[in-house]
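A short reminder: the numbers here are calculations on the coordinates, not readings from a lab. For clarity, every value in this text was computed on a predicted model and none was experimentally measured. Reconstructed Cβ throughout: ideal geometry from the backbone, glycine too, with neighbour counts over all protein chains shown.
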Amino acid sequence: MAIRLTKAWTALTVENATALPGQLGVYELADGDGQTVAFGFAGGRALFGLRSELTTLAEAPPHGATQYRVEVNSQYQTRFRELLMVYQADHGELPAVNAEKPPIGLGRLSPL
């Protein structure tokens, strides 16, 4: 498994989001240029997992998000924090949406 999400981008539309599985996992949102604007997760409180989280986001995309990619993962909290740490190591800051309310105690990671 790659440390960064590497799957192809999918257009952030309600139609595409409703086709997602109702499973736990993480997602990455990007603008039209492919610049990451947020990482998030669909956890145990998400009624239909990734499907419901991304359907809600597709109805009101944050910071100009137009595309997404997902990873089904039962360890979604750990994977979410790992993705944030890798992004911060690569760019020196968190994505715009995550920077508005950064997770408490986010560690440092030095990916190769």
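So what's the net charge close to Val70: Lys and Arg +1, Asp and Glu -1, counting the other residues with Cβ under 12 Å from its Cβ? Don't skip to the end; give the middle numbers.
Working: positive: Lys7, Arg51, Arg69, Arg79; negative: Glu28, Glu53, Glu71.
Spelling it out: positives minus negatives among the neighbours equals +1.
If you fit an axis through the alpha-carbon atoms of helix 76-91 and take the longest principal axis of the Cα set of the chain, what angle between them do you get, 0 to 90°, nearest 10?
The helix 76-91 is inclined about 60 degrees to the chain.
For the chain, compute Rh as the Kirkwood radius over C-alpha pairs and then the Stokes-Einstein diffusion coefficient at 25 °C and 0.890 mPa s; write the answer in µm²/s, rounded to an integer. Display every interim value, and only then the final one.
Values: Rh = 14.0 Å.
Translational D for this selection: 175 µm²/s.
So how tilted is helix 49-59 from the main axis of the chain? Cα-based, degrees 0 to 90, rounded to 10.
For helix 49-59, the angle is close to 80 degrees.
Over the chain, what is the mean sequence separation of C-alpha contacts under 8 Å (at least six apart), divided by residue count, expressed as relative contact order in percent? Could the numbers behind the result be given before it?
Numbers: 200 pairs, mean separation 34.7, N = 112.
Over the chain, the number comes to 31 percent.
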